[in-house]
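Notes follow the structure.
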Amino acid sequence: AAEAVKHLAALGHTKIGHIAGPNENILTETRIKGFKKGIEACGLAYRTEFILEGGFNLESGYEAAEKWLRMAERPTAMFCASDREAFGFISRLAKDGVRVPDDVSVIGFDDIEVSGYFIPALTTISQPRVEIGRVAATKLFELIKNNGATDEIEQTSQLDVTLIVRESTAPPPVV
């Protein structure tokens, strides 16, 4: 999430919003923390009114777009907690003639297969899915080997992600 914000800030965006994931989800919490970290690292203001509820799905992105359209002051860029949210967001905006990235930049998270084929192709954060599976399997085997004892097993692992820049992000519109 911090990488997404840094990318948007490097393009010149100062009003960056976030469509979160579902409440009480560990991924939602970590992506919001990363979003805040990115905002702070870029010297930008964290604005709670720019945080919209989501649910990692098309419908929540669509609903977030309806909220974005009603905002008196809108973010010029949105970081979505999932690619599916981004697709729903972009699709709803298109119905009102809002163009991505000309009017608002959008970045997703996950790099699902359709991300590169969507129009516009989605800028996103790619996760190392194979490595995630390998780490999870290794931890499971360690648990089995240790009869469920967790004291000798590293509890968390932070794997690197990759920013995939495509067509959905650009400098903010000139007002």
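The values are calculated or read from the model by the stated rules, or taken from the named source; none is laboratory data. Note that this is a predicted model, so its numbers are computed, not measured. For neighbour counting, all protein chains shown are included, and Cβ atoms are generated from backbone atoms with ideal geometry for every residue, glycine included. What goes into the accessible areas is simple: the full protein's heavy atoms, side chains included, and nothing from ligands, DNA or RNA. Shrake-Rupley method; radii C 1.70, N 1.55, O 1.52, S 1.80 Å.
Points to keep in mind about this one:
- The one condition in (1) exposed (fewer than 14 other Cβ atoms within 10 Å of the Cβ); (2) touching a Lys or Arg at 6+ places or on another chain (Cβ under 9 Å) that Leu58 fails to fulfil: (1)
- Restricting the range 73-119 to residues that are touching a residue at least 12 places away in the same chain (Cβ under 8 Å) and of a type in the set (Lys, Arg), the residue that is least open to solvent (accessible area, probe 1.4 Å): Arg92
- Number of residues in the range 1-49 that are part of a helix (DSSP H, G or I), buried (at least 22 other Cβ atoms within 10 Å of the Cβ) and among the hydrophobic types (A, V, I, L, M, F, W, C) equals 5.
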